[in-house]
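Novice: Here's a structure for you.
Taken together, the values in this text are just the output of simple stated rules run on the coordinates, not laboratory data. Small disclaimer: the values here were computed from a predicted structure and weren't measured. Reconstructed Cβ throughout: ideal geometry from the backbone, glycine too, with neighbour counts over all protein chains shown.
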Amino acid sequence: MPKNSKNIKIMADLLKQGATLTEHACPACSSPIFKLRSGDLWCASCKKRVIIVRAGEPEPEVTEAPVFSSLESTILGKIQEIEKQFVEETDAEKLKTLGATLLTLLENLEKIRNMKK
Ligand SMILES: [Zn+2]
């Protein structure tokens, strides 16, 4: 779906603007949530500000398959590594490569999160 790749582009633009990826998933669509420079949490798919309610303890995720969970955290870890490199990299060619890797990882993350639903 072209809608999905459009979202990925928006996510990449957010990163370029200094937003950072958080470990949260959008409660409405499961997309990764970004933290904007302003401190607001933002869902690129819903194009909405997201309020994460912290109850003081992690949400119970009883129906979650463990394999998805570990895959998700692996990908999330990789995304955060690449994101750091992306922010520090100034070489245009390397940025292109890092950007492409980042997008692939984000796509995979979104797929895994959709599978969990
Ligand atoms: Zn959303």
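Novice: Return the subset of Lys47/Lys96; Lys47/Lys94; Lys48/Lys94; Lys47/Lys84; Lys9/Lys96; Lys16/Lys48 for which the Cα-Cα distance in this structure is over 22 Å, preserving the input order.
Specialist: Too far apart for the 22 Å limit: Lys47/Lys96; Lys47/Lys94; Lys48/Lys94; Lys47/Lys84.
Novice: Now a separate question. What is the sum of charges around Ala19, taking Lys and Arg as +1, Asp and Glu as -1, for the other residues whose C-beta is under 15 Å from the C-beta of Ala19?
Specialist: +4
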